[in-house]
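Notes for the one structure printed next.
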């Protein structure tokens, strides 16, 4: 997963987005005014927002579970 600059039609400024590589392409996640917009590249070009959101969630690496005894204080 990497951070990339993107431009949209709705914005006159360059935004920052997340890009992750998947099997046959890539998915870019852009946060515009509090809403998430996905853009597919390669084999995912033209895919629906729902399909891209599902593929994004599947591509995110699983984080380590939180410790059973968090630090106090």
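General observations
- Extreme residue, surrounded by the most Cβ atoms within 10 Å (Cβ to Cβ), among residues of the range 4-30 that are out of contact with any strand residue (DSSP E or B) (no Cβ under 6 Å at 6 or more places or on another chain) and closer than 17 Å to residue 59 by Cβ: 22
- Scan the range 31-43 for residues that are farther than 25 Å from residue 63 by Cα and surrounded by 12 or more Cβ atoms within 10 Å (Cβ to Cβ) and the total you get is 4.
Conditions (1) out of contact with any helix residue (DSSP H, G or I) (no Cβ under 8 Å at 6 or more places or on another chain); (2) in contact (Cβ under 8 Å) with a residue 12 or more places away in the chain; (3) not in a strand (DSSP E or B), marked per residue:
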position: 4; (1), (2), (3): yes, yes, no
position: 31; (1), (2), (3): yes, yes, no
position: 37; (1), (2), (3): no, yes, no
position: 40; (1), (2), (3): no, yes, no
position: 44; (1), (2), (3): no, yes, yes
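- Just one of (1) loosely packed, with under 10 Cβ neighbours inside 10 Å; (2) at pLDDT 95 or above fails for residue 48. It is (1).
The values are calculated or read from the model by the stated rules, or taken from the named source; none is laboratory data. Keep in mind it's a predicted model, so treat the numbers as computed, not measured. Here Cβ is always computed from backbone atoms with ideal geometry, including for glycine, and neighbour counts include all displayed protein chains.
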